[in-house]
Every structure is written in structure tokens, then in C-alpha cells.
Amino acid sequence: MSSFGKRLLLTCTSIPLLFSLIYFLPHYNHLGFVILLLLAVLCGSYEMKNMLFTKDEKPMLPTWIPMLLPATQYIEFVFVPHLPLFDIMLTFLVLLGFSKEIFIGGENDFTATFNRVSRSLLLLFYPGFLSIFLVRILFFEQSSLLLLMVFFLVFGNDTFAYIFGMLFGKNNRNILAVSPNKSIAGFIGGLVTTVLISLLWVRFVPPMQAIFTTLEAILIGFTIAIISNVGDLIESVFKRAAKVKDSGTIILGRGGILDSIDSLLASVPFFTLFVVLCS
């Protein structure tokens with residue numbers, strides 16, 4: 001099966017499943033989605049660890065630890081909204097990791113400390129910390145529709161950028177060394193389509209009209225399209241540095257989990273900001 005065929009099959013199967021999970025199973029503040037998110041963070045963390053560390057190296061904290069960040073954010077909002085549980089957990093994990101250098105740093109006279117600490121913090125941040133904004137969306141009014149909106153915008157941008165790039169991008173590629181297959185046609189096609197999706201969503205989903213104006217819908221679509229591309233390119237930088245083609249092999253036609261959610265991780269914080277400012 002061709003790469004396009006695999007992407008088309010993935011799109012036709014994953015989007016209905018994701019829609020069903022979000023829209024028809026919103027119980028307990030979308031607990032089902034949170035479980036899926038935790039699994040994605042767990043897999044993504046292992047992919048990131050394999051890119052950051054060699055087989056003989058170990059990060060400051062176990063690779064499953066970043067999964068605690070979205071889990072703690074969910075627990076805080078549900079059970080102890082008066083307590084900054086997430087902030088405490090994040091601080092604890094960072095200090096715990098730092099403190100390990102007290103005992104292991106002397107093995108090489110602490111010459112590798114900054115290198116090991118910085119890579120471990122990146123592993124905690126990406127995808128663990130960035131995923132918490134998906135959890136925060138779950139506690140807004142109209143959370144199901146907002147969550148679907150950001151998914152449609154991000155994946156719509158990715159899909160149509162790919163299609164426009166395939167159709168019209170043969171002569172305008174090689175713009176960026178980190179991702180030579182990216183084209184100007186793909187970028188413009190994805191941008192225009194994402195703005196259109198945002199406008200249509202706000203226009204034809206009545207509850208969204210109480211949150212966003214037409215101008216705000218345009219700004220959201222434009223911003224998400226830009227940030228989605230930045231997020232995709234950032235992960236391309238990581239893969240180039242690690243000298244791998246894909247972050248993993250778990251997703252048909254896409255590679256790893258991070259290959260599929262890189263744009264989403266970068267975009268969701270800004271989408272969350274728009275919701276807060278426009279509500």
C-alpha cells in the first residue's frame with residue numbers, strides 16, 4: 001500500500017473512532033479520552049527517550065514518569081481544584097531528577113551533568129508537559145466541541161497540506177533543510193483550509209457562536225495552521241538530531257505516536273489561550 005493509501009486508511013478509521021470517544025463518551029470529564037491520552041504520552045515518552053538516549057544511557061527519571069503530569073492535572077481538576085497538585089508534582093519530579101545527580105554525577109566527575117539533566121528535562125516536557133493542555137480543555141464548557149474543533153483544525157491542516165503538497169508542490173520544495181519535502185503549496189493549502197474549517201465549525205455548530213466571533217475563528221484557524229507546522233518541524237529537528245526517519249513504528253503510514261501528535265502538542269496550548277480569552 002502506498003504512503004498516501006496508508007494515511008487515507010488511517011484518517012478514515014481514526015477520526016470516526018476519536019469522534020465517537022469524545023462526543024459519545026464524555027462521562028467523568030472524558031475519562032475515556034484521558035486514558036487514551038495517558039497511553040499516547042507513555043508511548044511518546046518511550047519514543048522520545050530512544051531518540052535522546054543511547055541504549056546504555058538512562059534518563060534521570062523512568063520513562064513512564066511524564067505520564068504522571070496529565071494524570072495529575074486531571075486528578076487536580078476533578079478532586080482537589082483548590083490545591084495546585086500539578087504544580088507540586090512537576091516541581092517534585094524536577095527536583096527528584098536533579099537530586100539523582102548528587103549520587104551518579106560523580107561517576108564522570110559531573111562533566112555529563114548538564115547534558116544529562118537537559119535531555120531528561122526535554123523528555124519530561126515533550127510530550128508530558130505539553131499534553132496537560134488537552135486535559136485542561138476537558139474542563140471548559142462545551143469541552144467535547146472544543147476538543148473536536150482543535151483536532152479537526154490540526155489534523156485538517158496536516159491532511160490538506162499533504163494533499164496540496166502532493167498536487168502542486170513539486171516545484172516549490174526544499175525550502176527548509178530540516179524537512180525538504182515541505183512545500184510552499186502545501187503550507188498555503190493547509191493554511192487556507194484550516195481557516196475555512198475554523199469558520200465553518202463556528203458558523204454551523206451553534207454553541208461555538210457563543211464563544212467565538214467570525215474574526216476570532218479566522219485568527220484561530222490562522223494561528224493553529226502556523227503553530228501546527230512549527231510543531232511538525234520541531235519534531236523533524238529531533239529526528240534529524242537522532243538520525244531516525246520516524247519516531248517509532250506503531251502508527252500505520254505515520255511512524256510513531258510523536259509523528260502523529262507533534263503538531264497537536266504545539267497547537268493545543270495556544271488554542272487553550274484563545275478559549276480563555278474569547279469566553
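The values are calculated or read from the model by the stated rules, or taken from the named source; none is laboratory data. None of the values given here were measured: they were computed from a predicted structure. Glycine also receives a Cβ, built like all others from the backbone with ideal geometry; neighbour counts cover every protein chain displayed.
Structure above, values below:
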| quantity | calculated |
| --- | --- |
| Check on Phe139, touching a residue at least 40 places away in the same chain (Cβ under 8 Å) and under 26 Å from Asp232 (Cβ atoms) | no |
| Any hit, segment 89-100, residues being at pLDDT below 95 and closer than 28 Å to Val244 by Cβ | yes |
| Test: residue in segment 180-195 that is under 30 Å from Thr213 (Cβ atoms) and hydroxyl-bearing (Ser, Thr, Tyr) | yes |
| Counted residues, segment 258-273 - those being free of Cβ contacts under 8 Å to residues at least 60 places away in the same chain and surrounded by fewer than 24 Cβ atoms within 10 Å (Cβ to Cβ) | 4 |
| Members of segment 238-257 found to be free of Cβ contacts under 8 Å to residues at least 12 places away in the same chain and either in a strand (DSSP E or B) or surrounded by 15 or more Cβ atoms within 10 Å (Cβ to Cβ) (or both), listed by number | Gly255 |
| Qualifying residue in segment 94-110 (condition: assigned to a helix (DSSP H, G or I), closer than 28 Å to Asp262 by Cβ, free of Cβ contacts under 8 Å to residues at least 60 places away in the same chain and among the β-branched types (Val, Ile, Thr)) | yes |
| Selection count where residues are touching a residue at least 40 places away in the same chain (Cβ under 8 Å) and touching an Asp or Glu at 6+ places or on another chain (Cβ under 7 Å), scope segment 31-89 | 1 |
